[in-house]
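Here the structure is laid out as structure tokens; the discussion comes afterwards.
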Amino acid sequence: MNIICRNSVINKLQSYYEPDQQEYEVQYPPVLFVYGNQSTGKTLVIKKFFGNSRIPHTFINCQEYNTSRGLLEAIINRSEFLHSPQNDEDYIKIDSNYAFMDHLMNVDARKSFVIVLDNADNLRNIDVNLMRMFFNLQQLTSLNISLVLISQLPFEKFHSKSGDIRPNIIHFPSYTKEEIVQILTADFKLATKVDARATEDYIQIILNVFFKACKDLTELKFVCRKFWTPYWQPVLDGTIAEHETQKLWKNISKILRTGLAGLYQRTIDDPNKTETRIKVVDLPYYTKGLLVAAFLASYNPLKNDKRLFVKHHGKQTKRLQTVNKNAVNFDKATLTLGPKTFTVDRLLAIFCAILDEKVGITTNLISQISTLVNLKYLSYISGENNVIDGAGRLQCNITQEKASQLSSNIGIDFKKYISAF
């Protein structure tokens, strides 16, 4: 089995599970914990590895279940080596963890099998005792049963100080820029008839613009497909030759910089159009305020915060003509410089400054930051685990047009808080 840029982790998997051996010839590890950032190939590698092996296994996506009962029933009824229901009457119901263990006790002791739980992050929200039972399955049942957990979080987020077995751990590192070029080139090579060298040049151009703001392989693949046609249109028209990379770059550079402002939004409008439709998610009032504050923090220099957001800063209030002039300069800078990072502390300070009312910083308010991250309106650059401390660094992914629309919706004078660069 060969997966681009993942041979090292495949070798580690083979050291724990011999894919060509009979199930009774090898002892599996009790727990294997696989973790890494989003879009690093965890699920793909695990699925292909066990799919190409002779190891009996079942694959469960934990996002599909909100209760331990539903999850445990799925493990039993979807595993052919544990139970294979022919109709609804054969469906086994699991009322508790004890019923699940009781069913495993009746399984042939000579059988060996693997249970794979994808999106295992959800297990922390289902039942506190579920993880402890899973980690001790092999010890409690005396079966050659192995549990594989796939997560985006490190093991420390699951670990309890109760003496549970520490699992074998495999980390999927994030793809480097060179690895992403290799993966995307191979992907486009199968889908198009363009020369491999020309395809690689195109992907390099895309990454030179977008890689600093986004390292997610799935999003970068979407961006490459989105701008594929505008990039090659001059070649199809005969105005630019295929090998003239510099001219092709100059032709599409403006479109790419505009697209950078709308990253993560998955717009499908024509990139050549200057006007794009905006789809606004119906967010709560304070969440909209946070998103506007995030935009201002991303595009306003830190040195101007006192002048822009402190009411009595000792300087004369800006005239309307100056405000409008700054808005024009701000718009130009937005398209060329792109969003900058900011701390959570700065985000909350700007949020409190732009709202007329006094707002208390509560856990509910801070939790809205995670909501905006999940909606791809914000993205973590560093310190994802330090949100409460205020040290985490974020970046805003919305456009100026969307920020202005949100500001009008909640009654904030957007032009008042923008700075000329």
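Computed FRET efficiency, Cβ-Cβ of Asn66 and Ala109, R0 30 Å: what is it to the nearest 0.05?
Numbers: r = 33 Å, r/R0 = 1.10.
The formula returns an efficiency of 0.35 here.
Nearest 0.05, what FRET efficiency do Gln27 and Val128 give at R0 = 25 Å with Cβ-Cβ as r? Each step should come with its number before you reach the end.
Numbers: r = 29 Å, r/R0 = 1.16.
Efficiency, rounded to the nearest 0.05: 0.30.
Note the full-extension length gain between Ser408 and Thr218 as 0.36 nm times their separation in residues minus their Cα-Cα distance, in nm to one decimal. Walk me through the intermediate numbers first.
Details: separation 190, 0.36 × 190 = 68.40 nm, distance 3.30 nm.
Extending this stretch completely gives an extra 65.1 nm.
Need one number: nm distance between label points at Ala391 and Asp356, each 7 Å from Cα along Cα→Cβ, rounded to one decimal.
Inter-label distance under the simple model: 3.9 nm.
Taking the mean number of other Cβ atoms within 10 Å as a proxy for protection, how do you rank 93-101, 288-296, 344-352, 375-383 from highest to lowest? Don't jump to the answer; show the numbers that get you there.
Details: 93-101: 14.9, 288-296: 25.9, 344-352: 19.6, 375-383: 17.7.
Packing order, densest peptide first, comes out as 288-296, 344-352, 375-383, 93-101.
Between Glu179 and Lys340, what's the calculated FRET efficiency when r is the beta-carbon distance and R0 is 30 Å? Round to 0.05. Mind dumping the intermediate values first?
On the way: r = 26 Å, r/R0 = 0.88.
Approximately 0.70, to the nearest 0.05.
On a C-alpha basis, how far is the centre of segment 344-367 from the centre of segment 100-176 in Å? Whole number, if you could?
39
Given points 7 Å out from each Cα along the Cα-Cβ axis, report the Lys415 to Thr192 separation in nanometres with one decimal.
4.2
All of the numbers you see were taken from the coordinates with simple rules; none came from a lab. Given the structure is predicted, the values throughout are model-derived calculations rather than measurements. Glycine gets a Cβ as well: all are built from the backbone with ideal geometry, and neighbour counts include every protein chain shown.
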